[in-house]
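All remarks here apply to the structure that follows.
The values are calculated or read from the model by the stated rules, or taken from the named source; none is laboratory data. Just so you know, these numbers come straight off a predicted model, no measurement behind them. Don't worry about glycine lacking a Cβ; one is built from the backbone with ideal geometry, like all the others, and counts go over all protein chains shown.
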């Protein structure tokens, strides 16, 4: 019973973080399952199952967040479908590659990736959006009547979607840690529109990527059932919190958490070489 409570709490906490900053929550769930498997289910969880399970739970988190953001009118579905054209197929390819990485290699690569994401989350506070005007102009009026204007180019947008989808399927995370900063800094998306649109693209990628993991037998359905209630609640709470506060305190907590988890995974990966 205690294990189920811990899994529900894990799903909720991961989803809150993921919704606030557009990460999707997987960047918390995957390392937690890898490091706490024996405590949660009594035995270690292999990396492919952790990734597949996280991606399946991510569907719920992304859906809950997207529905909440849609009510506020800040999901740019037209741009989101463009990003999803490449992120979806790439998520399938990434999912197929996960099992090819050995345990130590996966832990090292995922740990290094988390270090880079923590650095990016810190650096983005000091980076300014590009002043370039891109050919595709977008205008979005949210539920409060505020109109937002920004622009992008087709090929860079498709390339970003490709990279985000590949990472999403490979590591079982949303990819928003890359997606949101690039949308804000490169294309000048308003941060809250970038976060909301990111969650929609993550939803598409998670559905396609988890389908591949399911076909490969890399999803623990019991773990998914335990994590889903918390993920649904956390996804809605996170989107609601994001609409009421800057989230800077939680963002710093996330940065520190990523650094700690990354250090632990890298150390464990080196020890298993």
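Hey, among 48, 56, 39, which residue is under 14 Å from residue 202 (Cβ atoms) and either without any contact (Cβ under 8 Å) to a residue 40 or more places away in the chain or assigned to a helix (DSSP H, G or I) (or both)?
Every option except 56 fails the conditions.
Within the stretch 150-161, identify whether any single residue is surrounded by fewer than 19 Cβ atoms within 10 Å (Cβ to Cβ), at pLDDT 90 or above, touching a helix residue (DSSP H, G or I) at 6+ places or on another chain (Cβ under 8 Å) and not in a helix (DSSP H, G or I), and answer yes or no.
Our first condition is that a residue be surrounded by fewer than 19 Cβ atoms within 10 Å (Cβ to Cβ); within the stretch 150-161, this holds for 151, 153-156, 158-159.
From what's left, at pLDDT 90 or above: 151, 153-156, 158-159.
Next cut, touching a helix residue (DSSP H, G or I) at 6+ places or on another chain (Cβ under 8 Å) only: 151, 154, 156, 158-159.
Among the residues that remain, those that are also not in a helix (DSSP H, G or I) are: 151.
For the stretch 150-161, residues surrounded by fewer than 19 Cβ atoms within 10 Å (Cβ to Cβ), at pLDDT 90 or above, touching a helix residue (DSSP H, G or I) at 6+ places or on another chain (Cβ under 8 Å) and not in a helix (DSSP H, G or I): present.
It is to be established whether one or more residues within the stretch 74-81 are surrounded by fewer than 17 Cβ atoms within 10 Å (Cβ to Cβ), touching a strand residue (DSSP E or B) at 6+ places or on another chain (Cβ under 9 Å) and either free of Cβ contacts under 8 Å to residues at least 40 places away in the same chain or over 24 Å from residue 255 (Cα atoms) (or both).
yes
Considering each residue of the stretch 188-213, count those that are farther than 22 Å from residue 71 by Cβ and either at pLDDT below 90 or touching a helix residue (DSSP H, G or I) at 6+ places or on another chain (Cβ under 7 Å) (or both), and give that number.
Adding up the residues that qualify gives 7.
Does the stretch 48-58 contain any residue that is farther than 25 Å from residue 156 by Cα and surrounded by fewer than 24 Cβ atoms within 10 Å (Cβ to Cβ)?
Yes, the stretch 48-58 has at least one match.
Is it fair to say residue 92 is in contact with a helix residue (DSSP H, G or I) (Cβ under 9 Å, 6 or more places away or on another chain), crowded, with 17+ Cβ neighbours inside 10 Å, touching a residue at least 12 places away in the same chain (Cβ under 8 Å) and assigned to a loop (DSSP other than H, G, I, E, B)?
No.
For residues that are within 19 Å of residue 112 (Cα to Cα) and either surrounded by fewer than 24 Cβ atoms within 10 Å (Cβ to Cβ) or touching a strand residue (DSSP E or B) at 6+ places or on another chain (Cβ under 8 Å) (or both), tally how many sit in the stretch 168-207.
2
What are the pairs with Cβ atoms under 9 angstrom where one residue, in the stretch 230-242, is under 14 Å from residue 8 (Cα atoms) and the other, located anywhere, is modelled with pLDDT under 85 and outside any helix (DSSP H, G or I)? Sequence gap at least six, or different chains.
Sorted first by the residue in the stretch 230-242, then by its partner, the pairs are 231/25; 234/25; 235/25.
Can you find, within the stretch 110-149, the residue that is nearest to residue 71 (Cα to Cα) among those that are part of a helix (DSSP H, G or I) and free of Cβ contacts under 8 Å to residues at least 40 places away in the same chain?
Per the criteria, the residue is 125.
Give the stretch 112-142 a look and list any residue that's modelled with pLDDT of 85 or more and surrounded by 11 or more Cβ atoms within 10 Å (Cβ to Cβ), or say none.
112, 115, 134, 136, 138, 140, 141, 142 - these are the residues of the stretch 112-142 that are modelled with pLDDT of 85 or more and surrounded by 11 or more Cβ atoms within 10 Å (Cβ to Cβ).
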